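Student: For reference, the structure I am asking about is given below.
The values are calculated or read from the model by the stated rules, or taken from the named source; none is laboratory data. Quantities reported herein were computed from a predicted structural model and do not represent experimental measurements. Using ideal geometry, Cβ is built from the backbone for each residue, glycine included, and neighbour counts are taken over all protein chains shown.
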Amino acid sequence: MNRMGDWLMASAERAPADPFLITPAQTYSFGEVEELVCRAVGTLRRIGVKRGDVVAVWGENDVDTVVGMLAVPRTGALVLPLNTRLAEEEVESLLKRAGVTRVLSSVHAPKLGLETLPLRALAEGHADRRCEVVPHDGYMVMFTSGTTGQPKCVRLSRANLEASAAASARHLGHTREDRWLAVLPVFHVGGWSIIVRSAREGSAVVLEPRFESARAGLLMREGKVTLVSLVATMLERILDIEPGPYWGVRAVLLGGGPSTQDLLDRSARARLPVLPTYGMTETASQVATLPLAEGLEPTLRLPPIDNVRLRVVSGAGNRLRANELGSIQVHGPMVSAGYVGEPAHLPSHWFHTGDFGRIDADGRLTVIGRTDDIIISGGENIHPVEVEQILLDHPDVDDAVVVGLPDPEWGEIVAGAVVSTTDPKIRDLEAHVRLHLAGFKVPRRWRLVDELPRNALGKVARPEVVAWFADEGQGR
């Protein structure tokens, strides 16, 4: 029995009565969840799940889903969490690309054309305590969010997840006494990493079925949680309705996409310690995070966490000097070996994140945006995040996104979509941007919209915004 190959098994053996999953309805101890996982393993083996299979999970943020996702790797199979917000046709395409053999599903799952077993049925099996997790073998496959194009299927080993969780624990001082609020979906690496980290450290997860700003704010204010993972839009909504104080919250990890210094300053005024974090599916979550000691004086300049090396390179691949803008690369044991259907990377491989940024003389990283998002207009490079941050500083702008549109004369032109409840005049928005940035960065086309299209983690789906400008019937 490979006890060292499974975090839950080790914690259940050490402290079986300690709480692990705290839901609105019930608290489950490590021993209770371990028993449920062992029964699920028995069921999976009985129906023929074996090493090398890929088992998809369509589930919610609930105990059944967590049990299913923890059970699959113990059989030697790979677990693939599915984004439940996708359309049926989109999911079917992903299942084919990943080579899925069967699906574990909640009652709300669509019919996906593969052999399907209800997640609740897993608990009906006889307990099987064998564990076939091998550190450097595959543990799971997970699709990227695909906000800039087609999602990629990332291979993650137990060693990748272990390295990420260990570095996070050292950075945050994570202990058995912590209670981590999980409102991010577990089908995303940011949500699943909470389960892995807490199982590893023997601490509790406050598992919420969905994000509700009032509910999250109440849990934070009443001292029910010590660690929280959010994206910027979630944090904004909590601050809008819950001024604090936030008793016992040691840190809010803020990731999932770019934030603003204004939001960080607002959090500091509320005495809520916020740690911006940078990471991605390919690195099993965070690789750079603000230190705990700086949570009430937050900045977007982030140091790498333990065992992570960062560098910024030019288009030719040459390493750049301090404060020079270039492509961000990552190296470390948490970096995936690659994507399904592509050759595996060597351990010496530097992962190309697809992000643009700079590293200062202190070794701190500032992320500017996606290289895919760069707009080239008349030979000039324009970083959308830079323009978006200026727009968000305008008092009448509630949300904004900037994209590039094809143009026969300039190659691309800058376009801005803005959310506002006050219907600002376009000329005022143009003047505001022109006051702070060069003229070629001012959007030439505008849309006033009710809201921006975002995925489950709050990232804007830029291709949808581009389509708005192509379809004159959209926006207002």
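Student: Within segment 199-225, count every residue that is in contact with a Phe, Trp or Tyr (Cβ under 6 Å, 6 or more places away or on another chain), buried (at least 23 other Cβ atoms within 10 Å of the Cβ) and not small (G, A, S).
Tutor: Selection size over segment 199-225: 2.
Student: Taking into account only those residues within segment 217-227 that are part of a helix (DSSP H, G or I) and either charged (D, E, K, R) or more than 16 Å from L254 (Cβ to Cβ) (or both), which is nearest to the chain's Cα centre (by Cα)?
Tutor: The first filter runs over segment 217-227 and keeps only residues part of a helix (DSSP H, G or I), leaving 217-221.
Checking which are either charged (D, E, K, R) or more than 16 Å from L254 (Cβ to Cβ) (or both) leaves us with 218-219, 221.
Details: L218: 23, L219: 21, R221: 24 Å.
In this case the residue turns out to be L219.
Student: Looking only at residues that are in contact (Cβ under 8 Å) with a residue 24 or more places away in the chain, of a type in the set (A, V, I, L, M) and assigned to a loop (DSSP other than H, G, I, E, B) in segment 287-319, which one is farthest from R370 (Cα to Cα)?
Tutor: L296
Student: Just wondering, is there one or more residues in segment 340-349 that are outside any loop (DSSP other than H, G, I, E, B) and either among the hydrophobic types (A, V, I, L, M, F, W, C) or modelled with pLDDT of 95 or more (or both)?
Tutor: For segment 340-349, residues outside any loop (DSSP other than H, G, I, E, B) and either among the hydrophobic types (A, V, I, L, M, F, W, C) or modelled with pLDDT of 95 or more (or both): absent.
Student: Run down V228, V196 and say which single residue is in contact with a Leu (Cβ under 6 Å, 6 or more places away or on another chain), under 27 Å from Q389 (Cα atoms) and buried (at least 20 other Cβ atoms within 10 Å of the Cβ).
Tutor: Going through V228, V196 in turn, the sole match is V228.
Student: Something else about it: Need a quick list: strands (runs of 3 or more DSSP E) entirely within segment 360-408 having at least 1 residues that are within 19 Å of V313 (Cβ to Cβ) and within 21 Å of the chain's Cα centre (by Cα).
Tutor: Values: elements: 365-370, 375-377, 380-382, 399-407.
Output list reads 365-370.
Student: With respect to L230, determine if the residue is of a type outside the set (G, A, S), part of a strand (DSSP E or B) and within 27 Å of D306 (Cβ to Cβ).
Tutor: yes
Student: Would you call P258 under 20 Å from L172 (Cβ atoms) and not aliphatic (A, V, I, L, M)? Quick ask: steps written out before the conclusion?
Tutor: On the way: under 20 Å from L172 (Cβ atoms): no; not aliphatic (A, V, I, L, M): yes.
No: the conditions fail for P258.
Student: Say whether the condition of being in a helix (DSSP H, G or I), closer than 19 Å to D128 by Cα, in the same structural domain as N160 (by TED's automatic domain parsing) and not basic (K, R) is met by at least one residue in segment 16-25.
Tutor: no
Student: Checking the condition of a type in the set (G, A, S) and within 24 Å of the chain's Cα centre (by Cα), which residue from G42, G76, G48, G59 passes?
Tutor: G59
Student: Answer yes if at least one residue in segment 143-153 is polar (S, T, N, Q), touching a His at 6+ places or on another chain (Cβ under 8 Å), under 18 Å from G255 (Cβ atoms) and surrounded by 22 or more Cβ atoms within 10 Å (Cβ to Cβ), and no otherwise.
Tutor: No, because not a single residue in segment 143-153 is polar (S, T, N, Q), touching a His at 6+ places or on another chain (Cβ under 8 Å), under 18 Å from G255 (Cβ atoms) and surrounded by 22 or more Cβ atoms within 10 Å (Cβ to Cβ).
Student: Further question on the same structure: Being of a type in the set (D, E) and within 26 Å of G338 (Cβ to Cβ) is the filter; apply it to segment 47-102 and report the residue that is modelled with the highest pLDDT.
Tutor: Result: D53.
Student: Does L263 qualify as being closer than 28 Å to F187 by Cβ, modelled with pLDDT under 95 and hydrophobic (A, V, I, L, M, F, W, C)?
Tutor: Taking the combined requirement at face value, the residue satisfies it.
Student: Has segment 127-137 got any residue that is surrounded by 21 or more Cβ atoms within 10 Å (Cβ to Cβ) and under 24 Å from the mean Cα position of the chain (by Cα)?
Tutor: There is no residue in segment 127-137 that is surrounded by 21 or more Cβ atoms within 10 Å (Cβ to Cβ) and under 24 Å from the mean Cα position of the chain (by Cα).
Student: Among the strands (runs of 3 or more DSSP E) lying completely within segment 34-123, list those that include at least 1 residues that are assigned by TED's automatic domain parsing to the domain that holds V183 and surrounded by fewer than 18 Cβ atoms within 10 Å (Cβ to Cβ).
Tutor: Ranges flagged: 116-118.
Student: Give just the number: which of (1) farther than 28 Å from L156 by Cα; (2) in contact (Cβ under 8 Å) with a residue 60 or more places away in the chain; (3) not β-branched (V, I, T) does L239 not satisfy?
Tutor: Every condition holds for L239 apart from (2).
Student: So E90 clears everything in (1) charged (D, E, K, R); (2) in contact (Cβ under 8 Å) with a residue 24 or more places away in the chain; (3) within 20 Å of V189 (Cβ to Cβ) except one condition, right? Which one?
Tutor: Of everything listed in (1) charged (D, E, K, R); (2) in contact (Cβ under 8 Å) with a residue 24 or more places away in the chain; (3) within 20 Å of V189 (Cβ to Cβ), E90 misses just condition (2).
Every residue, every condition in (1) in the same structural domain as G378 (by TED's automatic domain parsing); (2) β-branched (V, I, T); (3) in contact with a Pro (Cβ under 6 Å, 6 or more places away or on another chain); (4) modelled with pLDDT of 90 or more, yes or no:
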| site | (1), (2), (3), (4) |
| --- | --- |
| D393 | yes, no, no, yes |
| W410 | yes, no, no, no |
| K425 | yes, no, no, yes |
| E430 | yes, no, no, yes |
| R445 | yes, no, no, yes |
| V465 | yes, yes, no, yes |
